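A short write-up of the structure that comes next.
What follows draws every value from the coordinates through simple rules; no lab data is involved. The structure displayed is predicted, hence computed values, not measured ones. Glycine also receives a Cβ, built like all others from the backbone with ideal geometry; neighbour counts cover every protein chain displayed.
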Amino acid sequence: MAKELTLDLVQSQLRPNQRLTISEETVAEIQKLAEDPEYGAEFLDCYIDHLNIYKENPRRSHNQYLNAIKFFSLVEAGNSLTDAYIKLFPERFRDRQKNFPPDKRDKSIMRGEASRFNTSSLVNEIRKVAAIPVQLVHRHLLHEAILEQADLMRNARSEAVRQKAGECLIKELKPAEDHVLKVEVDDNTTSVIDELRRATEALAAQEHTSVLAGVPLKQIAEAKIIEGEIEQDDEAEYVEVIEDQPKKKWTMP
C-alpha cells in the first residue's frame, strides 16, 4: 500500500532551504500523478523512498528530482527509454519534430536525448538506491522507532503499553541465531584427504621418472598430468605417462 503523502512528511525529509521548494500544490501534483495509470499508486512510495537523493543534491531543483523519478517509474513500468522520455517531455518532442521533414518525424529522433537523460546523475542515483533493500534505506527510522519503544517501555503509564513495547524490543533486538554449516568430505569409500595424498605421491613419482628419462623440466611443468599406470616387465622397464609425449622406455642398469 502506498504511503500517505503530506506536506509535513515531505518537508521533514529535506534540508531547511529545500523545504521552501515544496508546497501544498507540489504535493497535490504528486498525488495526481499517483492516480495516472502511467505511474500508479506505487509512484508515491518511489517518490518518498528516494527523497534522500534530492536532499543530498542541493544544487538540483525539486523539479529535476521529480522528473528523474517520473522517468525512472515509466521505465520500470515497461516503457522504452525513448517512450519514457517522450512521455516526460512531450513539448521537447514537438519542438524537435519541427526540425525534420514530415517523413522523418518519428520518435527515433529523440533516442539520443533519452539515452543521455537515462545516464544523468539523478536517474543513476535513483536506480542505485532502488537496488538497495528497503531495510537498509530506512535504518535511521528503525533506530528512531527502537528508541521510541524503549521510552514507552520505561515511562508509559499503561502496563499493557509497557509490556507491548518490551515485546517489540525483544523481537527487534534478539541476536540472530547461529547457523552451523556442515560440510561432508567423505564419499563413503575414501576420504578427500587420502585421495589428495595419493595424488600428490603419484605426481611426485611421475615427475621423478620423467627427469630420469631426460624430459626437460620446463616441459614437465607445463604438461598436463593424466591418469596412468607404471608398467614393469621382466627387464624392469618403466613407461612415463606425461600427456602429449610419446612413450619412452628405459632399462634399469
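Going by the alpha-carbon gyration tensor, a ≥ b ≥ c the square roots of its eigenvalues, is the stretch 7-137 rounded (a/c under 1.5) or, if a/c is not under 1.5, prolate (a/b greater than b/c) versus oblate? Prolate is the answer for the stretch 7-137, as a/c is 1.5 or above and a/b outweighs b/c. The simple spin-label model puts a point 7 Å past each Cα toward its Cβ; for Leu196 and Ala150 those points are separated by 4.7 nm. Panel order for Thr82, Thr26, by other beta carbons found within 10 Å of each beta carbon, from fewest to most: Thr26, Thr82.
When His62, His143 are sorted by how many other C-beta atoms sit within 10 angstrom of their C-beta, beginning with the fewest, the order is His143, His62. Ordering Leu203, Leu14 by the number of other Cβ atoms within 10 Å of each residue's own Cβ, fewest first, gives Leu203, Leu14.
Among the trypsin sites (Lys or Arg not before Pro) in the stretch 7-113, those placed in a DSSP loop whose Cβ has at most 10 other Cβ atoms within 10 Å are Arg59, Lys98. Cα centroids of the stretch 1-35 and the stretch 87-126: 28 Å apart. For the stretch 1-40, GluC sites (Glu not before Pro) are listed when DSSP marks them as loop and at most 12 other Cβ atoms sit within 10 Å of their Cβ; the list is Glu4, Glu35. Distance between the pseudo-spin-label points of Lys174 and Glu29 (7 Å out from Cα toward the beta carbon): 4.7 nm.
Other residues lying with their Cβ under 14 Å from the Cβ of Asp151 contribute a combined charge of +2, Lys and Arg counting +1, Asp and Glu -1. Label-to-label distance for Leu9 and Lys87 is 2.3 nm, based on points extended 7 Å past Cα in the beta-carbon direction.
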